[in-house]
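Beneath this line is the structure, given in structure tokens, with notes to follow.
The values are calculated or read from the model by the stated rules, or taken from the named source; none is laboratory data. Bear in mind that the values here come from a model prediction, so they are computed numbers and not experimental data. Every residue, glycine as well, gets a Cβ built from its backbone with ideal geometry; the counts of neighbours run over all protein chains shown. Ligands, DNA and RNA are stripped out before the accessible areas are found, and what is left, the full protein with its side chains, is counted by its heavy atoms. Shrake-Rupley method; radii C 1.70, N 1.55, O 1.52, S 1.80 Å.
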Amino acid sequence: MRKVHPGILAIYLLSFLALGLLLWVLGAILVNGLPVVLHYGVQLFTANIPPPVFFFGPPPEVGLAPAIVGTLMIVFIALLISFPIGFLAGVLISEFYYTRLAKAAEHVASLLVEVPTIAAGIAIYWLIVVPTQGFSAIAGSVALSLIMIPYIALYTAEAYRKVPKLIKEGGLALGIPYSKVLFKILRGLVAPGVITGVLIALAKAAGEAAPLLFTAGWSNKVSLDPFQPSASLSVLIYKFGFSSQELWLKLSWAASFILVFMIILPLIIISKLVVRKHEF
Amino acid sequence: MTRIKERRLLALLGIGGVLVLAAIFVVLFPLLANSYTFLLKRGVELVTSMDWSPMMNQFGGLQFILGSLWVTFWSTLLATPLAVSLAVFASDLSPRRLRGLFGGLVDLIAAIPSVVYGYWGLMIFGPLLASTVYPLLQSAFSGVPLLSTLFSTNAITPQCFMTAVLVLALMITPYASAIIRNAYEMTPKDMIEAVYALGGSKWDAIKMTLSYIKSSILAGVIIAAGRALGETMAVTMLIGNSVGPFKPCLLCRGATITSIVVNEFQEAMMNPSHSEALTALIVILIAMGSVLLYLGRKISKNFVEAEIHA
Amino acid sequence: MSSDIILKIEKLKVKISGKEILKGIDLEVPRGSIFAIMGPSGSGKSTLLRAINRLWDLYPDVEVEGKILLEGRDVYQMDPHELRKMVGMVFQRPNPFPHMSIFDNVAIGPKMHKMVKSKEELERLVEWSLKRAYLWDEVKDDLKRKAGRLSGGQQQRLCIARAIALKPKVLLMDEPTSALDVVSTKRIEENIVELKKEFTVLIVTHNPQQAARISDYVAFIYDGKVVEVGPTSEIFTRPKHELTEKYVLGKV
């Protein structure tokens with residue numbers, strides 16, 4: 001029998017331990033969340049969040065719609081804010097790398113990734129919630145955009161940087177203006193990289209609770225008004241997770257399932273497919 | 001006239017660049033503006049005292065600072081071997097055809113939201129440990145000097161430093177692992193071949209590679225520590241949230257800067273001193289994180305590269 | 001030399017990051033000729049080409065001094081986009097837009113410069129260019145194919161087609177065969193000789209044999225200076241300068 005060095009054995013064991021824990025977490029969400037989702041079915045995606053059973057008796061309808069709609073809306077608005085900023089900054093960082101502004105922007109972007117997300121939440125609380133005297137979905141969106149901007153900027157910069165100089169020069173040598181080379185001709189080449197950045201940023205933002213707790217607030221009813229408070233899946237998991245209500249604990253699992261298996265995982269998988277398709 | 005179009009392009013892109021710079025001010029300015037008077041007046045109390053009682057107007061937050069450091073230290077310590085193992089496994093030891101898959105799984109650890117880890121720890125992991133592993137640890141180390149204090153507590157609970165540390169260790173592992181894996185895969189092949197040519201084994205080759213990328217490992221570990229320091233939701237849900245004085249103990253309940261902010265900020269909105277104290281703690285947290293990143297840059301020559309890669 | 005000079009270079013100096021690469025170049029390129037610039041690598045040949053179509057504009061650490069006259073007009077007073085339309089360029093390594101189709105690679109220049117009025121006209125121009133580049137027969141049935149899927153030699157001929165689709169006055173070629181195999185090189189060389197009928201070609205090569213095979217005039221550049229310039233037959237049979245003689249015999 002071949003002897004395996006104990007060091008290699010340890011590497012295998014630790015790796016399987018970490019991956020085992022990951023599968024445990026995913027499995028727990030699946031086992032506890034999916035049955036709830038299946039039990040309530042469509043209702044879960046359309047009905048409002050039920051009041052506590054304790055006070056009002058069993059609710060006629062049980063849903064997570066306010067949290068689902070809230071997460072989608074908050075993240076979508078955050079994308080509208082962060083994409084133009086991140087994209088333009090990313091192109092700047094790649095194409096005008098020698099300017100002081102580009103260097104500073106790259107530096108700040110990699111710094112922003114390291115800023116604790118709760119800090120963004122508290123900052124936006126002071127900056128927007130206090131002056132406007134109320135929680136709002138859009139305050140949450142601004143907080144999330146602070147988290148998304150650096151991802152979009154750095155991925156965009158990377159996508160443009162990966163295009164060989166020679167190809168950019170090929171366009172310029174045809175007398176095509178630089179802006180058209182960057183935004184039109186290279187579009188197909190950089191799109192996979194930029195889209196990957198956007199999807200990763202979306203996946204990150206969708207799961208964040210800390211920036212939303214004190215900005216977006218809470219609402220039991222579906223609201224599409226960005227200037228009103230809004231629930232979100234991540235905040236719901238936290239809020240209901242500490243509850244003693246059986247139903248709310250179940251809803252936390254269902255929200256975990258929807259967040260991980262129906263929003264974040266698809267985003268991640270699509271981002272991987274986009275990159276794969278790009279390689280020719 | 002010739003460069004006008006390009007200047008227009010630069011101006012357009014410049015807007016993005018300036019707004020990215022603005023983003024950091026959007027974070028820092030409100031935090032500083034709403035905490036500097038508090039820091040000037042009561043900053044010393046905040047970082048030296050452990051008496052925290054907002055109702056009594058006492059804002060000693062040292063236990064939260066120490067709690068953050070305590071949690072960061074242990075979770076980083078535990079994450080390091082995990083991260084190194086996963087990096088070696090995913091880039092060297094796993095079947096070649098499955099490497100992409102394993103790499104993807106490691107990245108997936110980072111994709112699961114903090115609050116979901118927290119809920120899993122709260123409902124499943126913590127209770128399980130509290131009924132099995134923790135009592136064993138406590139009795140196993142009860143007579144051992146030093147170690148006994150780590151594991152001594154009056155009442156074992158599912159929510160304690162240990163539960164937060166263990167879940168956090170898993171959560172930060174992929175950040176360190178991604179950097180280590182990247183460096184591992186960039187190691188020159190001929191160096192590894194030289195190890196084999198000298199009659200070395202697979203293990204010798206791995207050891208050689210790891211020593212070659214020491215600097216990147218360190219960078220990865222520091223970045224992971226930074227993530228642990230700022231990690232919020234899972235810690236808040238698992239640490240037990242005790243505002244009492246800090247004890248260097250793993251099975252005790254405790255609090256960190258991030259957990260106290262999440263727990264108390266809502267009620268603090270009614271009390272200016274309270275909300276300013278919590279904001280000041282966030283500023284301190286950012287300062288601690290900056291020191292960590294600064295040290296990282298000093299210690300590891302690959303740090304900036306790794307930062308961007310992470 | 002012929003009196004009809006299409007391109008005139010006077011006292012051209014180029015500095016890259018403060019280092020002087022070209023140290024005062026004077027050249028006159030006759031219309032309708034193939035003008036080869038040869039010299040060992042690092043002598044500044046490519047630097048010279050990139051000064052002509054002002055590709056250096058994009059690099060902040062490059063300084064260009066002196067005068068370049070195209071049809072008597074100072075290129076540094078022209079709109080760079082108009083200039084680059086008049087001066088086509090083929091690069092050292094093939095650089096088609098890999099994600100675009102063969103057709104689009106050729107069509108993109110004429111479209112952006114609004115040279116054509118109808119789809120039919122564009123199709124005719126693309127066909128014309130691909131035929132001139134000897135690529136038409138190989139790709140005519142599959143113009144929608146991605147350019148990245150062509151072979152290296154085909155990609156380089158596509159780049160020639162892309163450049164001539166703009167009907168430039170001068171075609172700059174920067175060692176266009178250095179990344180290609182012998183067979184592809186031969187085809188491209190034949191192609192260049194054909195192109196002479198319609199364009200003036202300024203070609204950089206580090207291979208004196210290539211210059212001898214295809215060019216009418218040749219300039220030998222060494223260390224940023226023109227050592228010798230004249231009709232190809234003269235330079236290769238009766239070099240005046242010792243360095244030139246060594247170079248054409250392959251001793252430098």
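General observations
- Residue check, B:SER242 open to solvent by less than 50 Å² (accessible area, probe 1.4 Å), modelled with pLDDT of 90 or more and in a helix (DSSP H, G or I): no
- Qualifying residue in region B:94-101 (condition: over 25 Å from B:THR256 (Cβ atoms), open to solvent by less than 30 Å² (accessible area, probe 1.4 Å), outside any helix (DSSP H, G or I) and not charged (D, E, K, R)): yes
- For A:LEU13, the stated conditions do not hold, so it cannot be described as at the interface with chain B (Cβ under 10 Å from one of its Cβ atoms), in contact (Cβ under 8 Å) with a residue 24 or more places away in the chain, open to solvent by 10 Å² or more (accessible area, probe 1.4 Å) and not β-branched (Val, Ile, Thr).
- Residues in region B:48-80 that are assigned to a helix (DSSP H, G or I) and open to solvent by 30 Å² or more (accessible area, probe 1.4 Å): B:THR48, B:MET55, B:MET56, B:LEU62, B:LEU66, B:LEU69, B:TRP70, B:PHE73, B:TRP74, B:LEU77, B:LEU78, B:THR80.
- Residues being within 12 Å of C:GLY39 (Cβ to Cβ) and open to solvent by less than 60 Å² (accessible area, probe 1.4 Å) - total across region C:236-252: 4
- Lone qualifier among A:SER256, A:SER232, A:SER271 - being facing chain B (nearest Cβ under 9 Å), of a type in the set (Ser, Thr, Tyr) and either under 17 Å from the mean Cα position of the chain (by Cα) or within 19 Å of B:GLY118 (Cβ to Cβ) (or both): A:SER256
- Test: residue in region C:98-117 that is touching a residue at least 12 places away in the same chain (Cβ under 8 Å), away from chain A (no Cβ under 12 Å), more than 22 Å from the chain's Cα centre (by Cα) and open to solvent by 40 Å² or more (accessible area, probe 1.4 Å): no
- Unique match (being in contact (Cβ under 8 Å) with a residue 24 or more places away in the chain, facing another protein chain (nearest Cβ under 8 Å) and crowded, with 24+ Cβ neighbours inside 10 Å) among A:ILE122, A:ILE74: A:ILE122
- Qualifying positions in region C:65-85 - within 9 Å of chain A (Cβ to nearest Cβ), open to solvent by 30 Å² or more (accessible area, probe 1.4 Å) and in contact with a Leu (Cβ under 9 Å, 6 or more places away or on another chain): C:LYS85
- Residue tally, condition of a type in the set (Val, Ile, Thr) and over 21 Å from C:VAL248 (Cβ atoms), over region C:1-41: 6
- Qualifying residue in region B:3-25 (condition: open to solvent by 20 Å² or more (accessible area, probe 1.4 Å), assigned to a loop (DSSP other than H, G, I, E, B) and among the basic types (Lys, Arg)): yes
- Boolean, B:SER273 is surrounded by fewer than 18 Cβ atoms within 10 Å (Cβ to Cβ), away from chain A (no Cβ under 11 Å) and polar (S, T, N, Q): yes
- Within region B:81-93, the residues that satisfy the criterion of being surrounded by 22 or more Cβ atoms within 10 Å (Cβ to Cβ) and more than 7 Å from chain A (Cβ to nearest Cβ) are B:ALA83, B:VAL84, B:ALA87, B:ALA90.
- Of the residues in region B:36-46, at least one is out of contact with any Pro (no Cβ under 9 Å at 6 or more places or on another chain), open to solvent by less than 80 Å² (accessible area, probe 1.4 Å) and under 17 Å from B:PHE246 (Cα atoms).
- Among residues of region C:143-159 being at the interface with another protein chain (Cβ under 9 Å from one of its Cβ atoms) and in a helix (DSSP H, G or I), the one that is farthest from A:GLY188 (Cα to Cα) is C:CYS159.
- Selection of first residues in region C:179-200 that are closer than 15 Å to C:ALA211 by Cα and of second residues that are open to solvent by 10 Å² or more (accessible area, probe 1.4 Å) and assigned to a helix (DSSP H, G or I), restricted to Cβ pairs under 6 Å at least 6 apart or on distinct chains, gives the following pairs, ordered by first then second residue: C:GLU189/C:ILE214; C:ILE192/C:ILE214; C:VAL193/C:ILE214.
- Filtered residue count, region A:133-184, keeping only those that are part of a helix (DSSP H, G or I), under 28 Å from the mean Cα position of the chain (by Cα) and more than 10 Å from chain C (Cβ to nearest Cβ): 28
- When residues of region A:101-119 are limited to those that are more than 22 Å from A:ALA139 (Cα to Cα) and not aliphatic (A, V, I, L, M), the one nearest to the other protein chains (Cβ to nearest Cβ): A:SER110
- Yes/no for C:GLY24 being open to solvent by 20 Å² or more (accessible area, probe 1.4 Å) and closer than 18 Å to C:LYS196 by Cα: no
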